[in-house]
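**Q** Quick one: the structure is below, and I'll ask about it shortly.
The values are calculated or read from the model by the stated rules, or taken from the named source; none is laboratory data. If you're wondering where the values come from, they're calculated on a predicted model, not measured in any experiment. Quick reminder, even Gly has a Cβ in these numbers, built from the backbone with ideal geometry, and neighbours come from all protein chains shown.
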Amino acid sequence: MFENVKSDLRAYKGDWSKQGFWVMLVYRLGRWRYGIRLSFIRKIFSLLYKFLFKFIQIITGIELPCETKVGHNLRIDHFGGIVISGFAEIGNNCVIRNGVTIGLKNIDLPEAPIIGDNCDIGTGAKILGGIQIGDNVTIGANAVVLKNIPSNCIAVGIPAIHKKKSK
């Protein structure tokens, strides 16, 4: 857990006052508690996690449950209005901005996006359903992504269309 926290702090350039870092700290605690073998101790940390999760959700407007699979160096810029499903997966070195939703397309179907490494998700973007976003993808502000996006692309629009990034 502590190596992940150090990595997260580096992603925020050492600024522990960033609210995105606070979210990541609580997220890492939530993941770490699953490894505690003694059920009594795990229950204490689970209660602590649930309290901190709700507190952070209220003060930052960011919902990142510990069930979400998150890689290293996730950076959440410009807090507020961010909702990420517990079914989602996010790769390494990604950036998420305010107003982003990464979640289910249909409430009856618990499928959420799998996002690759080095992705940059713009303000207000919505990424929904059991889709895959490749590596090195930029998703534009307010894009609504409902279909797979291959690696090295830019996705914009409602619904989003994609083009290969120019070199």
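Let's see how each residue does on (1) closer than 21 Å to M1 by Cα; (2) among the acidic types (D, E); (3) surrounded by fewer than 18 Cβ atoms within 10 Å (Cβ to Cβ):
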position	(1), (2), (3)
K69	yes, no, yes
I76	yes, no, no
V83	no, no, yes
N92	yes, no, yes
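**Q** Then there is this: Assess whether S166 counts as being farther than 24 Å from I62 by Cβ and touching an Asp or Glu at 6+ places or on another chain (Cβ under 7 Å).
**A** When the stated conditions are applied, S166 does not pass them.
**Q** Answer yes or no as to whether N142 is in contact (Cβ under 8 Å) with a residue 12 or more places away in the chain, more than 19 Å from G20 (Cα to Cα) and outside any strand (DSSP E or B).
**A** Working: in contact (Cβ under 8 Å) with a residue 12 or more places away in the chain: yes; more than 19 Å from G20 (Cα to Cα): yes; outside any strand (DSSP E or B): yes.
Considered against the rule, which asks whether it is in contact (Cβ under 8 Å) with a residue 12 or more places away in the chain, more than 19 Å from G20 (Cα to Cα) and outside any strand (DSSP E or B), N142 comes out as yes.
**Q** Is it the case that some residue within segment 47-58 is aliphatic (A, V, I, L, M) and modelled with pLDDT under 95?
**A** no
**Q** Across segment 1-17, what is the total count of residues that are within 17 Å of the chain's Cα centre (by Cα) and without any contact (Cβ under 8 Å) to a residue 24 or more places away in the chain?
**A** 2
**Q** Has segment 115-127 got at least one residue that is part of a loop (DSSP other than H, G, I, E, B), over 30 Å from W16 (Cβ atoms) and among the hydrophobic types (A, V, I, L, M, F, W, C)?
**A** Kept after step one, since they are part of a loop (DSSP other than H, G, I, E, B), are these residues of segment 115-127: 116-119, 122-125.
Filter once more, so that each one left must be over 30 Å from W16 (Cβ atoms): none.
No: segment 115-127 contains no residue that is part of a loop (DSSP other than H, G, I, E, B), over 30 Å from W16 (Cβ atoms) and among the hydrophobic types (A, V, I, L, M, F, W, C).
**Q** Still on this structure: Within segment 114-129, can one find any residue that is farther than 22 Å from D77 by Cβ and under 17 Å from the mean Cα position of the chain (by Cα)? Explain how you work it out, then say what you get.
**A** Filtering segment 114-129 for residues farther than 22 Å from D77 by Cβ gives 129.
Still in the running and under 17 Å from the mean Cα position of the chain (by Cα): 129.
Within segment 114-129 (the criterion being farther than 22 Å from D77 by Cβ and under 17 Å from the mean Cα position of the chain (by Cα)), the answer is yes, since at least one residue qualifies.
**Q** Select from segment 119-141 the residues that are of a type in the set (S, T, N, Q) and crowded, with 19+ Cβ neighbours inside 10 Å and list them in ascending order.
**A** T138 - this is the single residue of segment 119-141 that is of a type in the set (S, T, N, Q) and crowded, with 19+ Cβ neighbours inside 10 Å.
**Q** State all residues of segment 5-61 that are small (G, A, S) and either exposed (fewer than 12 other Cβ atoms within 10 Å of the Cβ) or in a helix (DSSP H, G or I) (or both); if no residue qualifies, say none.
**A** Selection gives S7, A11, G14, S17, G20, G30, G35, S39, S46.
Every residue, every condition in (1) of a type in the set (K, R); (2) under 25 Å from A11 (Cα atoms); (3) in contact (Cβ under 8 Å) with a residue 40 or more places away in the chain, yes or no:
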residue: G122; (1), (2), (3): no, yes, no
residue: I127; (1), (2), (3): no, yes, no
residue: D135; (1), (2), (3): no, yes, yes
residue: T138; (1), (2), (3): no, yes, no
residue: K147; (1), (2), (3): yes, no, no
residue: P159; (1), (2), (3): no, no, no
residue: H162; (1), (2), (3): no, no, no
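**Q** So in segment 81-113, with the set limited to residues that are of a type in the set (A, V, I, L, M) and either in a loop (DSSP other than H, G, I, E, B) or at pLDDT below 95 (or both), which one is nearest to I58 (Cα to Cα)? So that I can check it myself, show each step before the final result.
**A** If we filter segment 81-113 for residues that are of a type in the set (A, V, I, L, M), which is where we start, we get 82-84, 88, 90, 95-96, 100, 102, 104, 107, 109, 112.
Remaining after also requiring either in a loop (DSSP other than H, G, I, E, B) or at pLDDT below 95 (or both): 88, 100, 104, 107, 109, 112.
On the way: A88: 21, V100: 16, L104: 22, I107: 23, L109: 27, A112: 23 Å.
Result: V100.
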